[in-house]
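**Q** One structure follows; several queries about it will come next.
FYI, it's all coordinate maths here, none of it is from the lab. All of these numbers come straight from a predicted model, not from anything done at the bench. Glycine also receives a Cβ, built like all others from the backbone with ideal geometry; neighbour counts cover every protein chain displayed.
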Amino acid sequence: MTDNKVTQRDKVVKKYGAMVSYYGELLGLCHQAISVNTVLNKLDPMGQKTSATTLFIRVCARMDKTDATDMADKLMSVSKEKTNQKVA
């Protein structure tokens, strides 16, 4: 008999992969927003990273407070598709 144990990595990817992908996409959007902003793109690289991180935190907090479930559900489905494509 073969014992097909699921690896720890597979368990983590299954449980958190879509969520990590979702937040990764959001963080990428924050970095893009900083790079095209005429004031913030003049900051040094560390200032740009700090600004993008601050923006990321503020957006996450705002999404938690507002009724953003439809948007979050759509982004999660996109993230799940990407995760499934990478795993397969």
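**Q** Tell me, LYS11, LYS80 in order of fewest to most beta-carbon neighbours within 10 Å? Mind dumping the intermediate values first?
**A** Details: LYS11 10, LYS80 15.
By the 10 Å Cβ count, ascending, the order reads LYS11, LYS80.
**Q** Now, a different point. Please report CYS60, CYS30 as a ranked list, fewest other C-beta atoms within 10 angstrom at the top and most at the bottom. Kindly include the intermediate steps, with their values, before the conclusion.
**A** Details: CYS60 14, CYS30 21.
With the fewest neighbours first, CYS60, CYS30 line up as CYS60, CYS30.
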